[in-house]
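Student: Following this message is one structure expressed as structure tokens.
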Ligand SMILES: CC(C)(COP(=O)(O)OP(=O)(O)OC[C@H]1O[C@@H](n2cnc3c(N)ncnc32)[C@H](O)[C@@H]1OP(=O)(O)O)[C@@H](O)C(=O)NCCC(=O)NCCS
């Protein structure tokens, strides 16, 4: 299934991002992907072949289908015949000039893409993770500090969706701000987590998360929980 939402995040972050088109593609089965990806540009299909693992190829194709759907909804008239390639670090890159800011993320059962409709937005970062107790526990054990755990306990006493949303917020910042972080991103510190009103149509819980990295100005990400997954978006 594919869904398309146009969302204004609001607040300071919303000013930078403007209206954002979110596309979510769920349970993209290999057979369907093989059929649908025939519509992708040949260069994108060639890039997919460079991944040895079938699951990674499928994730790449699902991400490209999602980003093209988002670009079409955002009104980019060239996206349907031009490929979204990648730079040396793996960042998705439109092969035409003046493309809107975009970002892609995937799990084993879904792919998401975000495209800003604000031409002044320079970069977007989106992330998604499936919510699972063992994943939350691993993050709490290995990648979340005692201070961050205290912040999380105030907004999510079960410590389930919250730790995963925190991780997504960090990953979204890495993507949007082109950060070079160490293993587990422990150099990225979450300074605050504020529950906020839902901005996404199906959000079950939503948070604004402030993230610090070295001496850079504080970054703000919006994160939410919906349909068994945690999501985050940020930009500049
Ligand atoms: C780049 C990174 C953020 C990708 O995250 P991931 O969880 O591996 O994978 P996701 O599904 O979230 O995202 C993958 C997509 O991100 C995009 N991406 C990859 N590298 C990117 C980069 N340097 N900048 C922006 N986007 C990038 C691509 O579109 C990729 O999908 P594709 O290759 O199919 O096009 C991650 O690999 C990374 O380097 N993280 C930093 C290290 C770390 O430990 N972080 C912890 C939190 S700070």
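Nothing in this text is a laboratory measurement; each read-out follows from the coordinates by a stated rule. Bear in mind the structure is a predicted one, so any value in this text is a computation, not a measurement. We place every Cβ from the backbone using ideal geometry, glycine too, and count neighbours over all the protein chains shown.
Student: For residue 5 and residue 138, what is the calculated FRET efficiency with R₀ set at 22 Å and r taken between the beta-carbons, to the nearest 0.05? Don't skip to the end; give the middle numbers.
Tutor: Details: r = 30 Å, r/R0 = 1.36.
Computed FRET efficiency for residue 5 and residue 138 comes out at 0.15.
Student: Among 168, 121, which comes first, then next, by fewest other beta-carbon atoms within 10 Å? Show your work: numbers first, answer last.
Tutor: Details: 168 27, 121 21.
By the 10 Å Cβ count, ascending, the order reads 121, 168.
Student: Shifting gears a bit: Out of 129, 204, 19, any idea which swings most in a Gaussian network model of the chain, alpha carbons joined below 10 Å?
Tutor: Of the options given, 204 has the highest mean-square fluctuation.
Student: By how many degrees, between 0 and 90 and to the nearest 10, does the Cα long axis of helix 161-176 differ from the longest principal axis of the chain?
Tutor: Roughly 50 degrees between the two axes.
Student: For region 1-29 and region 49-122, what is the centre-to-centre distance using only Cα atoms, to the nearest Å?
Tutor: 13 Å
Student: Using Cα-Cα distances under 8 Å and only pairs 6 or more residues apart, what relative contact order does the chain have, in percent?
Tutor: 19 percent
Student: Among 110-120, 135-145, how do they line up from the highest to the lowest mean number of other beta-carbon atoms within 10 Å? Mind dumping the intermediate values first?
Tutor: Numbers: 110-120: 22.6, 135-145: 16.1.
Taking the mean over residues of other Cβ atoms within 10 Å, the ranking is 110-120, 135-145.
Student: What number in nm² do you get for region 128-235 if you take the convex hull of its Cα atoms and divide its surface by four? Don't skip to the answer; put the middle values down first.
Tutor: Numbers: hull surface 24.6 nm².
One quarter of the hull surface, i.e. the mean projection, equals 6.2 nm².
Student: Please state the relative contact order of region 2-122 as a whole percent: Cα pairs under 8 Å, 6+ residues apart?
Tutor: Details: 207 pairs, mean separation 39.2, N = 121.
Here the relative contact order equals 32 percent.
Student: What angle, in degrees between 0 and 90 and rounded to the nearest 10, separates the Cα long axis of helix 146-155 from the longest principal axis of the Cα atoms of the chain?
Tutor: That works out to roughly 80 degrees.
Student: Rounded, prolate or oblate: which fits region 187-231, taking a ≥ b ≥ c as square roots of the Cα gyration tensor eigenvalues, rounded meaning a/c under 1.5, else prolate when a/b beats b/c? Each step should come with its number before you reach the end.
Tutor: Values: a/c = 3.23, a/b = 2.37, b/c = 1.36.
In terms of gyration-tensor shape, prolate.
Student: Here's another thing I want to ask about it. Based on the alpha-carbon set only, what is the convex hull volume of region 1-99 divided per residue, in Å³?
Tutor: Values: hull volume 11.6 nm³, N = 99.
It comes to 117 Å³ per residue, whole-number rounded.
Student: Using the Cα atoms of region 26-166 to build a convex hull, what is its mean projected area in square nanometres? Walk me through the numbers on the way to the answer.
Tutor: Working: hull surface 41.0 nm².
With the hull built on Cα positions only, its mean projection is 10.3 nm².
Student: Still on this structure: Test of understanding: express the Cα radius of gyration of region 145-185 as a ratio to 2.2 N^0.38 Å, with N the residue count. Please report the intermediate quantities before stating the final value.
Tutor: Working: Rg = 11.4 Å, N = 41, 2.2 N^0.38 = 9.0 Å.
This ratio for region 145-185 stands at 1.27.
Student: Taking 7 Å along the Cα-to-C-beta vector as the label spot, tell me the residue 72-residue 38 distance in nanometres, rounded to one decimal.
Tutor: Using points 7 Å along Cα→Cβ, the separation is 1.6 nm.
Student: Now, a different point. Pick from 101, 146, 172: which is most flexible by mean-square fluctuation in a GNM of the chain where alpha carbon atoms under 10 Å apart are linked?
Tutor: Looking only at 101, 146, 172, the biggest GNM fluctuation is shown by 146.
Student: In addition: So for each of 72-82, 42-52, 22-32 I average, over its residues, the number of other beta carbons within 10 Å; can you give me the resulting order with the highest mean first?
Tutor: Values: 72-82: 15.5, 42-52: 13.7, 22-32: 17.2.
So the peptides 72-82, 42-52, 22-32, ranked by packing, come out 22-32, 72-82, 42-52.
Student: Taking only the alpha-carbon positions of the chain and ignoring solvent, what does the Debye formula give for the base-10 log of I(q)/I(0) at q = 0.12, 0.13 Å⁻¹?
Tutor: Rounded to two decimals, the profile gives -0.63, -0.74.
Student: Any chance you could give the angle, 0 to 90 degrees and rounded to 10, that helix 54-73 forms with the longest Cα principal axis of the chain?
Tutor: Once rounded, one gets 80 degrees.
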